[in-house]
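Undergrad: The structure under discussion is supplied below as structure tokens; questions concerning it will follow.
Since every read-out is calculated from the coordinates, none of them should be taken as a lab result. Please read these numbers as outputs of a predicted model, since none were measured by experiment. Glycine also receives a Cβ, built like all others from the backbone with ideal geometry; neighbour counts cover every protein chain displayed.
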Amino acid sequence: MDADLIWLCVPDREIAAAARLLAPLTNWKSKVALHSSGALAADELNILRRKGAAVASLHPLMTFVRGSWPCLAGVPFAVEGDAAAVRVARRIVHGLKADIFRIPKNKKAAYHAWGAFTSPLLLATLVTAEEVAGIAGIKRATARKKMLPIVVQTLANYASLGPERAFSGPVVRGDVNTVSRHLKALSKSSGARRVYLALARSAMRNLPVRNRKALEKILG
């Protein structure tokens, strides 16, 4: 391996093992080694660091799935590690016309959990919405199509107006009777009901609502 930069893009559980396999294959002095885990620190590459490499973790806050190729321009990358490796990472990210920010290694798990809320758990919420549509007699595929306009507008409102002004519905209005009807309808799906309660309670903690005491009573 004559490359000056080696970037390991393997599952988290394989990073340290891959580094061990690569360690004896070249002289690591003056080389830079990166891994792309959002949850793990650059220390996963300690074996390469001990052999003279500068190491860092560089993670894009973006979703990657089969059949989709997102543009990386403007995507934020979280970086953590040795100063020399971080400088190289910055050049890479700027070359992609993306953004980069530092994250302390002891905050990596929280950072990655934040990322989980922004995409996979957001998707889980939408799938739960499809389940609730089924209670209303609407098939999942149909529900998915009909949901898209409100989902897209909600994200647009969040981006342009902020969460407080984008928040709508019975919780922000303090409409206890409607929330009560929701919970009664959701008794047909205990899982969806728990998700509803968790998200409604989160809204109570983080967003402006009316009739707070009555809502707190009904939401538990």
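Undergrad: So which aspartates and glutamates pass the test for Lys31, namely a Cα distance under 13 Å, with those fewer than 8 places away in the same chain ruled out?
TA: Output for Lys31: Asp2, Asp4, Asp82.
Undergrad: Right, next: Between region 1-27 and region 99-170, what is the C-alpha centre distance in whole Å?
TA: After rounding, the separation between the Cα centres reads 35 Å.
Undergrad: While we're here: Which residues make up the longest stretch of the chain clear of trypsin sites (Lys or Arg not before Pro) that lie in a DSSP loop with no more than 16 other Cβ atoms within 10 Å, not counting the sites?
TA: 140-209
Undergrad: Give the shape of region 121-219 as rounded, prolate or oblate, defined through the alpha-carbon gyration tensor: a ≥ b ≥ c are the square roots of its eigenvalues, a/c under 1.5 means rounded, and otherwise the shape is prolate if a/b is larger than b/c and oblate if not.
TA: oblate
Undergrad: With no solvent and one equal point scatterer per Cα, compute the Debye intensity ratio I(q)/I(0) for region 5-117 at 0.20, 0.21, 0.22 Å⁻¹ and report its log10, rounded to two decimals.
TA: -1.07, -1.16, -1.24
Undergrad: Using alpha carbons only, how many degrees (0 to 90, rounded to 10) separate the axis of helix 140-161 from the longest principal axis of the chain?
TA: 70 degrees
Undergrad: Output ³J(HN,Hα) for region 87-100: one whole-Hz value per residue in order, computed from phi by the Karplus curve 6.51 cos²θ - 1.76 cosθ + 1.60 with θ = phi - 60°, and x for Gly and Pro.
TA: Coupling constants for region 87-100: 4, 5, 4, 4, 5, 4, 5, 5, x, 7, 6, 9, 10, 9 Hz.
Undergrad: In whole Hz and in residue order, list the ³J(HN,Hα) couplings for region 59-69 that follow from phi through the Karplus curve 6.51 cos²θ - 1.76 cosθ + 1.60, θ = phi - 60°; x for Gly and Pro.
TA: Result, ordered by residue: 10, x, 7, 8, 9, 10, 9, 4, x, 10, 10 Hz.
Undergrad: Of the cross-linked pairs Lys108/Lys146; Lys29/Lys105; Lys51/Lys105; Lys139/Lys184, which ones have a Cα-Cα span greater than 25 Å in the structure shown?
TA: Cα-Cα > 25 Å for Lys108/Lys146; rest within.
Undergrad: A further question follows. Dividing the convex hull volume of the alpha carbon atoms of the chain by its residue count, what do you get in Å³ per residue?
TA: 159 Å³
Undergrad: Something else: Report the charge-dipole magnitude of region 4-88 in Debye, nearest 20, computed about the Cα centre from +1 at each Lys and Arg Cβ and -1 at each Asp and Glu Cβ.
TA: 260 debye
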